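Colleague: Here's a structure for you.
The values are calculated or read from the model by the stated rules, or taken from the named source; none is laboratory data. Everything quoted here is computed from the prediction, not taken from an experiment. Cβ atoms come from the backbone with ideal geometry, glycine included; neighbour counts cover every protein chain shown. Heads up: the accessible areas ignore ligands, DNA and RNA and are worked out on the full protein's heavy atoms, side chains in. Shrake-Rupley method; radii C 1.70, N 1.55, O 1.52, S 1.80 Å.
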Amino acid sequence: SRIVISPGPCTPKQAGVSKAIISAFAGHIPILGVCLGEQCMVELFGGDVSRCSEIKHGKTSAMTHDEKGIFAGVPQNFHAIRYHSLVADPPSMPDVLEVSSRSELGHIMGIRHKKLAIEGVQFHPESVKTEHSLTMLRNFLEVEGGEARLSAKECIRQLSLGSTVTVPHIVNLIRDMVRGKINQSQISALLALLPIERLSYELVSEAAKVVTEHAPPCHIKTPVGVPLCDIVGTGGDGADAFNVSTASGMVVAACGAFVAKHGNRSSSGKCGSADFLEALGATIDLEASETSAIVEECGFGFLFAKKIHTCMKNVAAPRKSLGVRTIFNVIGPLVNPANIDYQVTGVASKALGDLFAKVFQARKVKRAIIVHSHDGLDEISPAAPTWVWDVRDGQVTHSTMKPEDFGMKRLPLDLVCGGSATDRAASFRRIVNGCPDGERDEAIENFVILNSAALLFVAGLCPNLAMGAKVAKESLKNGKAKAVLEKYVAATHTPVGTSAGAKRSKTILETIVERTVSDLEETKRLVSLDEVISRAKSAPSPICFHERLRCAGGTAVVAEIKRASPSQGNIAMDVDAAEQASVYARAGAAGISVLTEPHWFKGSLDDMITVRRAIAELGYPARPAILCKDFIVDEFQVYNARAHGADAILLIVAALPNVKTLAHLHQLAQSLSMCALVEVNSSSELETALGIGAKLIGVNNRNLHDFSVDLGNTARVFGSHKIPSDTLLMALSGIRSRADVDLYGNVDIGAVLVG
């Protein structure tokens, strides 16, 4: 899907097939040229390569750049390693190329094609001696399609002029939206310029892939012959109808299928699938892995979109402020992270039916039907015919379903509309108990049978709609649907295979640690431990974090650089780590905490380097000490922190339940001349910290399991034990003013962390 033209000896004329490959794939997939690869690009597009006035072999230089392409998010004057004697000749640069980077002496160190996804660098981004290398390589891997990326500003300009912007360009910007890389006003403008009526099936399909790729996997093991299904609608029909897709999902599960229901709360303030399930007594705020286990045990599970697709929080505010449905509303039925084989999808308009048919056709699903009723529902209507788009074996057929096809009579639509979540839950419970009460319950029962029958037919569990209706009705009468409901609700409160009353949902700390371990495995595939150890040994010498705080006089302040947090979301996404560190240093901070966790806190280890360099440039004789604040669980991270200039690391007792691992990482930090700030939240955790010989201990006033804040926690925890006099104590989290610090007057607090 991407090509890297690698470095090599000699000149572009001796670069083998390199130029031919660039020429063949230009405009089709992204291409990155490194060293000789970049020189080949220059010559291929009409430029010249000549001998460089400075020959660099194994030497680093500071690089300036245009902050676009692979340089997005990379600080200016970063250092990169060079191995070359040739360089692009500035006067000969063709019009189709632009200079993206230069060395200290002005030599061309980067070029970019103005229209195609082709970029080259003269230095070596793959080298451990090049700073921010992973950021640059990640930026390249995020490029989609063969055309050069449009900026959000340029895309807005072109769309506002009525110009056509290709799908890859818009998809790249949607990816940037959900990653929080585009500001809120630009997101609003882009969404407003992409009205639902103008969406193509290619864009909808690719946008759905972007959202799904940011979701955790949901692997559901289905027994042989058991289909994995979903029944879901786009919403937006304005009818406020009963939650028939959710109820039908349970009925279909009772008839032998596995149903991984994907859904959300109602965006209109009425009753969404999440609201309905909560009213039935279920816990909905579960991880994808937990839901997969529930489906395997109960046959039915619910994937709560807000929980699964956390990336959507970055577009929540612009969507709400616009007040109209956008592409993100349309793709809802397409972003189920489970590998669904069979699906019934309701749409709010006939036009969306045509669009979704093409999407499912391109996805090559086993079978899916898209439905929209003549009376406007994104469901199969109990009161009117329903248009159907049937996608099977890559072909689309069109038909109409009527209640009579199911062997059922038509009923007034208003009987299945309205009612609170509580009312709807009560009605469904009466139905599964076999005792519907009144014409409304009977109408809702028919509504559920219709839509259940359609999914049973699509999934191949019934030969026709009438038989599907008969099987669905029987499951409501014989108690099987009730059994699924009761078993599902109970399972959401109790982990599969454990005793009743146990808590199912992971805490945010467990989730972050789990993701950290996963990321670490990926990093280790790219960089060996030996490489990181070598970099750690050659990093600038650390200063003693503990001693720097003690010498500050009074209560030392450790100021934090933090872009976001799980409790508050985005805080300061545009913060420049180097600039902020300089502000803190000039204000007298004894230490600077750099949050490097990338997903929930939006940090980066690259920030460590820029902070270290910014502080060094101030020339203070007693510079602030630098704390690498992350969820450290492995020695690889300790060495990597040192390699990136850390004076100290954070070790969280709650994240390291194995005391031997905690002690090992603590000792390893000391062997690298770093301090380890050991974070605790309770008296028992303090006892653990003291037991491993920690001399720098901080109490987190924020509980990392539920994120509640209690400023009195520091005094309580430290007051529960006799602390050795050579141990420096810190108060962490929730401190906003001098008055907060004064709360610790009776405790010998040596430092506080703020930020």
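Colleague: Please specify each residue of region 37-82 satisfying the condition of being within 28 Å of the chain's Cα centre (by Cα), at positive phi and either polar (S, T, N, Q) or assigned to a helix (DSSP H, G or I) (or both).
Modeller: 69
Colleague: OK, next. Which one is farthest from residue 546 (Cα to Cα), of the residues in region 713-742 that are crowded, with 17+ Cβ neighbours inside 10 Å and among the polar types (S, T, N, Q)?
Modeller: My answer is 713.
Colleague: I've got another one for you. If I go through region 99-119 residue by residue, how many of them are among the charged types (D, E, K, R) and assigned to a loop (DSSP other than H, G, I, E, B)?
Modeller: 3
Colleague: Being touching a Cys at 6+ places or on another chain (Cβ under 9 Å) and buried (at least 17 other Cβ atoms within 10 Å of the Cβ) is the filter; apply it to region 531-545 and report the residue that is farthest from residue 730 (Cα to Cα).
Modeller: Per the criteria, the residue is 542.
Colleague: Specify the residue that is modelled with the highest pLDDT; the eligible residues are those in region 356-375 that are small (Gly, Ala, Ser) and either open to solvent by 10 Å² or more (accessible area, probe 1.4 Å) or closer than 18 Å to residue 456 by Cβ (or both). Step through it out loud before you land on a result.
Modeller: We begin by selecting, within region 356-375, every residue small (Gly, Ala, Ser); these are 357, 362, 368, 373.
Now narrow it down to the ones that are either open to solvent by 10 Å² or more (accessible area, probe 1.4 Å) or closer than 18 Å to residue 456 by Cβ (or both): 362, 368.
On the way: 362: 90, 368: 97.
Checking each candidate, the answer is 368.
Colleague: Residue 72 - would you say it is in contact (Cβ under 8 Å) with a residue 40 or more places away in the chain, open to solvent by less than 20 Å² (accessible area, probe 1.4 Å) and touching a helix residue (DSSP H, G or I) at 6+ places or on another chain (Cβ under 9 Å)?
Modeller: No: the conditions fail for residue 72.
Colleague: Next up: Given 204, 210, 244, which one is open to solvent by less than 10 Å² (accessible area, probe 1.4 Å), in contact (Cβ under 8 Å) with a residue 40 or more places away in the chain and farther than 30 Å from residue 476 by Cβ?
Modeller: 204
Colleague: Could you count how many residues in region 691-712 are surrounded by 18 or more Cβ atoms within 10 Å (Cβ to Cβ), out of contact with any Asp or Glu (no Cβ under 7 Å at 6 or more places or on another chain) and at pLDDT 80 or above?
Modeller: 5
Colleague: Under 6 Å between Cβ atoms, at least 6 apart or on separate chains: pull out the pairs that start in region 709-723 with a residue that is at positive phi and end on any residue that is open to solvent by less than 20 Å² (accessible area, probe 1.4 Å) and among the hydrophobic types (A, V, I, L, M, F, W, C).
Modeller: Hits for this filter: zero, empty list.
Colleague: Quick one: would you say residue 378 is under 22 Å from residue 253 (Cα atoms), open to solvent by less than 40 Å² (accessible area, probe 1.4 Å), among the acidic types (Asp, Glu) and assigned to a loop (DSSP other than H, G, I, E, B)? Write out each step before concluding.
Modeller: Details: under 22 Å from residue 253 (Cα atoms): yes; open to solvent by less than 40 Å² (accessible area, probe 1.4 Å): yes; among the acidic types (Asp, Glu): yes; assigned to a loop (DSSP other than H, G, I, E, B): yes.
Yes: the conditions hold for residue 378.
Colleague: Output the residue which, of all residues in region 316-334 that are hydrophobic (A, V, I, L, M, F, W, C) and under 15 Å from residue 264 (Cα atoms), is surrounded by the fewest Cβ atoms within 10 Å (Cβ to Cβ).
Modeller: Of all residues in region 316-334, those hydrophobic (A, V, I, L, M, F, W, C) come to 316-317, 322, 324, 327-328, 330-331, 334.
Retained after the next criterion (residues that are under 15 Å from residue 264 (Cα atoms)): 316, 328, 330-331, 334.
On the way: 316: 14, 328: 22, 330: 24, 331: 23, 334: 23.
Once the filter is applied, the top-ranked residue is 316.
Colleague: How do the pairs read when you match residues in region 39-54 that are touching a residue at least 12 places away in the same chain (Cβ under 8 Å) with residues anywhere that are of a type in the set (Asp, Glu), using Cβ under 7 Å and keeping only pairs 6 or more apart or on different chains?
Modeller: Between residues of region 39-54 that are touching a residue at least 12 places away in the same chain (Cβ under 8 Å) and residues that are of a type in the set (Asp, Glu), the close pairs are 47/89; 48/89; 49/43; 49/89; 50/89.
Colleague: Taking the criterion of being open to solvent by 60 Å² or more (accessible area, probe 1.4 Å), acidic (Asp, Glu) and either under 25 Å from the mean Cα position of the chain (by Cα) or farther than 27 Å from residue 181 by Cβ (or both), would at least one residue in region 546-557 satisfy it?
Modeller: yes
Colleague: Looking at region 120-177, which of its residues are more than 30 Å from residue 84 (Cβ to Cβ), open to solvent by less than 30 Å² (accessible area, probe 1.4 Å) and not in a loop (DSSP other than H, G, I, E, B)?
Modeller: Within region 120-177, 152, 155, 159, 169, 170, 171, 172, 173, 174, 175, 176, 177 qualify.
Colleague: I'm trying to understand the selection: among the residues of region 240-274, which are closer than 18 Å to residue 346 by Cβ and at pLDDT below 90?
Modeller: Once the filter is applied, which keeps residues that are closer than 18 Å to residue 346 by Cβ and at pLDDT below 90, region 240-274 yields 265, 266, 267, 268, 270, 271.
Colleague: Tell me, which residue of region 743-755 that is assigned to a loop (DSSP other than H, G, I, E, B) and open to solvent by less than 20 Å² (accessible area, probe 1.4 Å) is modelled with the lowest pLDDT?
Modeller: 744
Colleague: For region 217-234, enumerate the residues that are at pLDDT below 90 and either buried (at least 16 other Cβ atoms within 10 Å of the Cβ) or under 25 Å from residue 460 (Cα atoms) (or both).
Modeller: First, the residues of region 217-234 that are at pLDDT below 90: 217, 223-225.
Passing the criteria: 223, 224, 225.
Colleague: Which one is most open to solvent (accessible area, probe 1.4 Å), of the residues in region 186-200 that are part of a helix (DSSP H, G or I) and without any contact (Cβ under 8 Å) to a residue 60 or more places away in the chain?
Modeller: Taking region 186-200 and keeping what is part of a helix (DSSP H, G or I), we get 186-192, 196-198.
With the extra rule that they be without any contact (Cβ under 8 Å) to a residue 60 or more places away in the chain, the set shrinks to 186, 189-190, 198.
Working: 186: 48, 189: 31, 190: 4, 198: 145 Å².
Going through the qualifying residues, I end up with 198.
Colleague: Please verify whether residue 307 is basic (Lys, Arg), modelled with pLDDT under 95 and under 18 Å from the mean Cα position of the chain (by Cα), treating the condition exactly as stated.
Modeller: Judged against the criteria, residue 307 is a match.
Colleague: May I ask you to list the residues in region 14-38 that are open to solvent by 50 Å² or more (accessible area, probe 1.4 Å), touching a residue at least 12 places away in the same chain (Cβ under 8 Å) and farther than 23 Å from residue 141 by Cβ? Quick ask: steps written out before the conclusion?
Modeller: Taking region 14-38 as the starting set, the residues that turn out to be open to solvent by 50 Å² or more (accessible area, probe 1.4 Å) are 14, 16-17, 19-21, 23-25, 28.
Checking the rest, the ones that are also touching a residue at least 12 places away in the same chain (Cβ under 8 Å) come to 19, 21, 23, 25, 28.
Passing the criteria: only 19.
Colleague: Could you tell me whether region 428-449 includes any residue that is assigned to a helix (DSSP H, G or I), out of contact with any Leu (no Cβ under 9 Å at 6 or more places or on another chain) and buried (at least 21 other Cβ atoms within 10 Å of the Cβ)?
Modeller: No, every residue in region 428-449 fails to be assigned to a helix (DSSP H, G or I), out of contact with any Leu (no Cβ under 9 Å at 6 or more places or on another chain) and buried (at least 21 other Cβ atoms within 10 Å of the Cβ).
Colleague: Restricting attention to region 613-630, report how many residues are surrounded by fewer than 23 Cβ atoms within 10 Å (Cβ to Cβ) and either among the charged types (D, E, K, R) or on the phi < 0 side of the Ramachandran plot (or both).
Modeller: 10
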